[in-house]
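Novice: One structure follows; several queries about it will come next.
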Amino acid sequence: GAGVSQSPSNKVTEKGKDVELRCDPISGHTALYWYRQSLGQGLEFLIYFQGNSAPDKSGLPSDRFSAERTGGSVSTLTIQRTQQEDSAVYLCASSLGRDEQFFGPGTRLTVL
Amino acid sequence: GQQLNQSPQSMFIQEGEDVSMNCTSSSIFNTWLWYKQDPGEGPVLLIALYKAGELTSNGRLTAQFGITRKDSFLNISASIPSDVGIYFCAGQTGTASKLTFGTGTRLQVTL
């Protein structure tokens, strides 16, 4: 399939551990977004990459959260020293410039 | 972060009935979008609205962009079982920018 893929699909970790979540956008898409969806809630913006521009990090909830996008393609969202309130589904989306954002299936993170 | 006010929060309807849901914001948006999310999946775009007052249809779905640019509604006519899911509105202040999502409307359809 040519859609957005994310890995792992599920991640269970212990409080205090670091986790890395991966997003493979649709080939050729220049924009990449990370959102977080807590149980029963809507999606909350985290960070946005557009081409070679500096990312918009305005949605990151704390300095424990960071993301990078290598080679304008794959992105990794890292959460350091995870807390129980970090438990959520983390969704990635990509778009071709200003067009529709296509979402991946998400990574469900559970912090015990 | 900010979330848009969406209502109703959930609804149970019978197959064949029409459905209406709406979304309001304290901020102005230049684009309003409606998404549907199935369990275990990411949201999928249903309708996009780009102009205040615009009324757009996509099959059994109709959506409108409010004149004030602070609200939008989505109607689904003649609901069918596959309409089950969570519907989200989203606002965008400019193209190629972050989406601000509503709190979601969970739709369940009974036969």
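Read-outs: derived from the displayed coordinates by stated rules, not from any lab. Since the structure is predicted, the reported quantities are computational estimates derived from the model, not experimental observations. Backbone-built Cβ (ideal geometry, glycine too); neighbour counts: all protein chains shown.
Novice: Any idea which residue in the range A:36-62 is surrounded by the most Cβ atoms within 10 Å (Cβ to Cβ), counting only those that are within 8 Å of chain B (Cβ to nearest Cβ) and of a type in the set (Phe, Trp, Tyr)?
Specialist: Within the range A:36-62, the match that is surrounded by the most Cβ atoms within 10 Å (Cβ to Cβ) is A:48.
Novice: Sticking with this one: If residue B:36 meets every condition in (1) basic (Lys, Arg); (2) surrounded by 14 or more Cβ atoms within 10 Å (Cβ to Cβ); (3) over 19 Å from residue A:40 (Cα atoms) apart from one, which number is that one?
Specialist: Going through (1) basic (Lys, Arg); (2) surrounded by 14 or more Cβ atoms within 10 Å (Cβ to Cβ); (3) over 19 Å from residue A:40 (Cα atoms) one by one, residue B:36 breaks only (3).
Novice: Next question. Collect the residues in the range B:70-98 that are over 13 Å from the mean Cα position of the chain (by Cα) and under 20 Å from residue A:99 (Cα atoms), keeping them in residue-number order.
Specialist: Of everything in the range B:70-98, those that are over 13 Å from the mean Cα position of the chain (by Cα) and under 20 Å from residue A:99 (Cα atoms) turn out to be B:92, B:93, B:94, B:95, B:96, B:97, B:98.
Novice: Here is a further query. Sort out which residues of the range B:69-107 are surrounded by 15 or more Cβ atoms within 10 Å (Cβ to Cβ), among the hydroxyl-bearing types (Ser, Thr, Tyr), touching a residue at least 24 places away in the same chain (Cβ under 8 Å) and not in a strand (DSSP E or B), and write them in order of number.
Specialist: B:79, B:103 - these are the residues of the range B:69-107 that are surrounded by 15 or more Cβ atoms within 10 Å (Cβ to Cβ), among the hydroxyl-bearing types (Ser, Thr, Tyr), touching a residue at least 24 places away in the same chain (Cβ under 8 Å) and not in a strand (DSSP E or B).
Novice: If the requirement is being free of Cβ contacts under 8 Å to residues at least 60 places away in the same chain and within 12 Å of chain A (Cβ to nearest Cβ), which of these qualifies: B:40, B:66?
Specialist: Going through B:40, B:66 in turn, just one is free of Cβ contacts under 8 Å to residues at least 60 places away in the same chain and within 12 Å of chain A (Cβ to nearest Cβ): B:40.
Novice: Would you tally the residues in the range B:1-47 being among the polar types (S, T, N, Q), over 14 Å from the mean Cα position of the chain (by Cα) and in a strand (DSSP E or B)?
Specialist: Final tally of qualifying residues: 1.
Novice: All but one of (1) among the polar types (S, T, N, Q); (2) under 28 Å from residue A:6 (Cβ atoms); (3) in a strand (DSSP E or B) hold for residue B:57, so report the exception by its number.
Specialist: Of (1) among the polar types (S, T, N, Q); (2) under 28 Å from residue A:6 (Cβ atoms); (3) in a strand (DSSP E or B), only one is false for residue B:57: (2).
Novice: Kindly provide the set of residues from the range A:25-63 that are closer than 20 Å to residue A:10 by Cα and either touching a helix residue (DSSP H, G or I) at 6+ places or on another chain (Cβ under 7 Å) or in a loop (DSSP other than H, G, I, E, B) (or both), ordered by number.
Specialist: Scanning the range A:25-63 gives A:25, A:38, A:39, A:40, A:41, A:42.
Novice: Take residue B:25 and tell me if it is more than 19 Å from residue A:103 (Cα to Cα), in contact with a Ser or Thr (Cβ under 9 Å, 6 or more places away or on another chain) and either within 14 Å of chain A (Cβ to nearest Cβ) or β-branched (Val, Ile, Thr) (or both).
Specialist: In short, yes.
Novice: For the structure I just gave you, tell me whether residue A:77 is touching a Phe, Trp or Tyr at 6+ places or on another chain (Cβ under 6 Å), touching a residue at least 12 places away in the same chain (Cβ under 8 Å) and surrounded by 18 or more Cβ atoms within 10 Å (Cβ to Cβ).
Specialist: It is true that residue A:77 is touching a Phe, Trp or Tyr at 6+ places or on another chain (Cβ under 6 Å), touching a residue at least 12 places away in the same chain (Cβ under 8 Å) and surrounded by 18 or more Cβ atoms within 10 Å (Cβ to Cβ).
Novice: Only one of (1) surrounded by fewer than 18 Cβ atoms within 10 Å (Cβ to Cβ); (2) part of a strand (DSSP E or B) fails for residue A:15. Which number is that?
Specialist: With respect to (1) surrounded by fewer than 18 Cβ atoms within 10 Å (Cβ to Cβ); (2) part of a strand (DSSP E or B), residue A:15 is out only on (2).
Novice: If I filter the range A:49-64 for residues that are touching a Cys at 6+ places or on another chain (Cβ under 8 Å) and more than 30 Å from residue B:106 (Cα to Cα), do I get at least one hit?
Specialist: No, the range A:49-64 contains no residue that is touching a Cys at 6+ places or on another chain (Cβ under 8 Å) and more than 30 Å from residue B:106 (Cα to Cα).
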